[in-house]
Amino acid sequence: MLERLTEQAKQAVTASEDAALAMGHDSIGTEHLLLGLTSTPGMASELLREHGIESQQVREETIRLLAEKGVPATGSQAAKDALSSIGIDVAEIQRRADDNFGPGAFRFPRPGFTFTPRTKVIFDRTAQEAQALGHQHIDTGHLLLGLLAEREGVAIHVLSRLGAQTPALHQTVLARVTQQAS
């Protein structure tokens with residue numbers, strides 16, 4: 001499915017990965033996908049804004065919700081510990097990279113497109129939504145359709161807490177995606 005993504009959709013997935021990394025998470029969940037969609041210009045971010053959903057609100061509510069659920073920001077401690085056990089100091093590598101290439105040049109670890117099971121389901125639903133509409137390419141609107149069709153996951157809870165009526169939002173997105181293809 002990933003090979004069918006438009007450039008904007010690829011940017012949203014990359015932004016999802018960046019969100020997971022910034023939050024210290026080892027995999028990309030629905031909340032990270034939502035953050036990627038809100039922070040990437042395109043149909044999904046436009047429609048979410050029209051429904052009163054802004055990227056900063058999503059980020060703040062995601063952090064709040066995950067904290068309530070006790071989801072730790074691991075920062076891939078297991079990988080760091082494994083490297084440390086063989087004498088590799090990730091913090092020292094970070095300091096040297098920052099000194100030589102500028103702050104933030106080296107970020108460890110990169111989630112590397114490790115998706116949670118629910119996010120994988122969303123990608124499957126996205127492909128199904130696009131196929132049902134007869135679309136060959138998958139754009140940010142299709143990704144949002146897949147996310148909303150799942151009706152579960154952290155992203156849906158975040159949207160609900162921000163006052164989004166997800167069935168109505170789904171209908172709006174479906175209408176816009178259908179209209180855009182015409």
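Screening ALA168 against (1) surrounded by 16 or more Cβ atoms within 10 Å (Cβ to Cβ); (2) more than 20 Å from the chain's Cα centre (by Cα) leaves a single unmet condition, (1).
Across segment 88-133, which residue is modelled with the highest pLDDT among those that are more than 19 Å from ARG4 (Cα to Cα), small (Gly, Ala, Ser) and assigned to a helix (DSSP H, G or I)? It comes out as ALA97. Return the pair list, or none, for Cβ contacts closer than 8 Å from residues in segment 17-35 that are within 19 Å of PRO117 (Cβ to Cβ) to residues that are surrounded by fewer than 24 Cβ atoms within 10 Å (Cβ to Cβ) and among the basic types (Lys, Arg), at least 6 apart or on different chains. What qualifies is GLU17/ARG110; ALA19/ARG59; GLY29/ARG118; THR30/ARG118; LEU35/ARG59. Taking residues in segment 148-177 that are outside any helix (DSSP H, G or I), and partners anywhere that are among the small types (Gly, Ala, Ser) and crowded, with 18+ Cβ neighbours inside 10 Å, the pairs with Cβ atoms closer than 8 Å and at least 6 places apart or on different chains are GLY153/GLY29. Could you tell me how many of the residues in segment 18-41 are assigned to a helix (DSSP H, G or I) and either buried (at least 21 other Cβ atoms within 10 Å of the Cβ) or modelled with pLDDT of 90 or more (or both)? Residues in segment 18-41 being assigned to a helix (DSSP H, G or I) and either buried (at least 21 other Cβ atoms within 10 Å of the Cβ) or modelled with pLDDT of 90 or more (or both): 12 in total. Within segment 42-59, the residues that satisfy the criterion of being outside any helix (DSSP H, G or I) and either surrounded by 23 or more Cβ atoms within 10 Å (Cβ to Cβ) or touching a residue at least 40 places away in the same chain (Cβ under 8 Å) (or both) are GLY42, HIS51, GLY52, ILE53. Of all the residues in segment 62-75, those that are over 14 Å from the mean Cα position of the chain (by Cα) and either aromatic (Phe, Trp, Tyr) or surrounded by 18 or more Cβ atoms within 10 Å (Cβ to Cβ) (or both) number 1.
Can you confirm whether HIS142 is touching a Ser or Thr at 6+ places or on another chain (Cβ under 8 Å), under 15 Å from LEU5 (Cα atoms), touching a residue at least 24 places away in the same chain (Cβ under 8 Å) and exposed (fewer than 14 other Cβ atoms within 10 Å of the Cβ)? No; evaluated as a whole, the condition is false for this residue.
The values are calculated or read from the model by the stated rules, or taken from the named source; none is laboratory data. What you are looking at is a predicted structure, and each value in this text was computed from that prediction instead of being measured. Here Cβ is always computed from backbone atoms with ideal geometry, including for glycine, and neighbour counts include all displayed protein chains.
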